[in-house]
Amino acid sequence: MTSLNKYSYKRLQDFCATVFVHAGVLKKQADIVAASLVQADLRGVDSHGVVRTAIYLKRVEKNMINPSANIRIEQENGSTALVDGGNHFGAVVGEQALQLAMEKAKTNGVGVVGVKNSNHFGTGAYYALKALKQDFITIIMSNASQTMPPTGGVRPFIGTNPLAVGIPCGAYQPFILDMATSVVARGKIIVAAQKGESIPIGWAVDKNGKPTTNAEEALEGSVLPLGGPKGYGISMFIDILSGVLTGAGFGKYVNNMYENWEKPQNVGHFFITIDINQFINITEFKRRMDLYISDIKSEPKAEDVDEILIPGEIERKISEQRKKNGIILPLQVEKELTEIGMKYGVSLSDALIANHTESEGV
């Protein structure tokens, strides 16, 4: 079930940042974490939004995330670098790694930065959007704890390891692909369980490897790879780059954020940034991208289809709507945030849009 309340994205972000500050996180870093969470909600990826606030805070309180860690470059050579996140927040580590990758791309044409000793870093689109402001093509990958079985297996072994790509355009909105390598992000099943809703058949199997529509059973079992063996293979590839290559955890050595309270997650990320001007003038590239997208949108449409969309357009439209009209939270998430606010002396109600016609601006 969802709340009837609508929240200002700006004030909801301020609420989350303030809570993190009260939990011992530096203001600048708390702002990054809060921004990454709220941006996910804005784009309709509620599974990675403020629903994660409670687990992030709990891991800080249990010393499973170190908000005072020193994020350092362990190894660097030309266009490449390896970053040790020191077990800091994934969003904070990821943002520093992205900035380093962009600096290297400006100098060398490409920047390739691997990350180890990190945590859940939110959505890949959060980083793609930052790189797009500087006209970089960006490829972002991360591994995750065990939630998917290998093709032919029954129990979880690999993560829903996400892949994101950002490519700038001219007149059109940028191409932003942000996807898990599972049929669906596990976070969506968590949200369904919180709402007491069922899930579509084909999303997951129970602990015995049997298909289920019960979200709780799915959380005890496994989500399924996108496209069967193809998604499994892509997930392995991301795990190899993000985990095996960087020295981070991989496969069963990436610890579960919700279940493991003895060891840090040791998540690995991988960032690739490309300076378009090293290949073609950026203005010409954007013109060609616009032509490409225009041609796609001009293709004959299937029955009942109003418009052919490109990756990122749906999320952009949702973001515009939620910036204007507010974010609606699941009741369970609203309750959690209210309790967190009471604990740290911050009022969630301050983030409410009192008048549902109030505009927050886009």
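Quick notes on this one:
- With Cα atoms as the point set, the range 111-229 shows a radius of gyration and Dmax of 16.3, 50 Å.
- The helix-only estimate of mean residue ellipticity at 222 nm for the chain, built from DSSP H runs of length n ≥ 4 each weighted as -39500 (n - 2.57), is -12000 deg cm²/dmol after division by the residue total.
- Model label sites at residue 288 and residue 342, defined 7 Å from Cα along the beta-carbon direction, differ in position by 5.9 nm.
- Across the options 124, 93, 3, the greatest Cα extent toward the positive end of the charge dipole of the chain (unit charges at beta carbon of Lys, Arg, Asp, Glu) belongs to 93.
- Rg over Rh, two decimals, the range 218-362 (C-alpha only, Kirkwood Rh): 1.06
- Under the convention that each Lys and Arg Cβ holds +1 and each Asp and Glu Cβ holds -1, the size of the dipole of the chain around its Cα centre is about 540 debye.
- Label-to-label distance, nm, for residues given as residue 253 and residue 296 (7 Å Cα→Cβ offset): 3.7 nm
- When 287, 316 are compared by accessible surface with a 1.4 Å probe, the order from highest to lowest is 287, 316.
- Within the full protein context, the accessible area of residue 95 is estimated at about 30 Å² for a probe radius of 1.4 Å.
- Length released on extending from residue 307 to residue 325, taking residue separation times 0.36 nm less the Cα-Cα span: 4.1 nm
- Using bins of 10 Å that start at zero, the share of Cα-Cα pairs per bin across the chain amounts to 5, 23, 33, 28, 10, 1, in whole %.
- Added length on full extension, which subtracts the Cα-Cα distance from 0.36 nm per residue, residue 54 to residue 280: 76.8 nm
- By accessible area with a 1.4 Å probe, ligands and nucleic acids excluded, highest first: order of 232, 292: 292, 232
- For the range 174-284, the fraction of 1.4 Å probe accessible surface lying on carbon and sulfur atoms is 57 percent.
- Extension gain, residue 261-residue 151: 0.36 nm per intervening residue step, less the Cα-Cα distance, totals 36.7 nm.
- Kirkwood's formula applied to the C-alpha pairs of the range 1-86 gives a hydrodynamic radius of 14.5 angstrom.
- Of 43, 72, 155, the residue with the largest accessible area leads and the full order is 155, 72, 43 (1.4 Å probe).
- Evaluated with a Cβ-only charge set (Lys, Arg +1; Asp, Glu -1), the range 195-322 carries a dipole of roughly 360 debye about its Cα centre, given to the nearest 20.
- Its Cα centre serving as origin, the range 243-311 has a Cβ charge dipole (Lys and Arg +1, Asp and Glu -1) of approximately 420 debye.
- Per residue value of the accessible surface for the range 260-304 (all protein chains in place, 1.4 Å probe), Å²: 65 Å²
- Within a Gaussian network of the chain (alpha carbon springs, distance under 10 Å), most fluctuating of 158, 272, 314: 314
- In this structure the range 9-161 gives 35 Å² per residue of accessible area when probed at 1.4 Å with all protein chains present.
The values are calculated or read from the model by the stated rules, or taken from the named source; none is laboratory data. Predicted model only: the values in this text are computed from it and were never measured. Cβ: placed from backbone, ideal geometry, glycine included. Neighbour counts: every protein chain shown. In case anyone asks, the SASA skips ligands and DNA or RNA and just uses the protein heavy atoms, side chains included. Shrake-Rupley method; radii C 1.70, N 1.55, O 1.52, S 1.80 Å.
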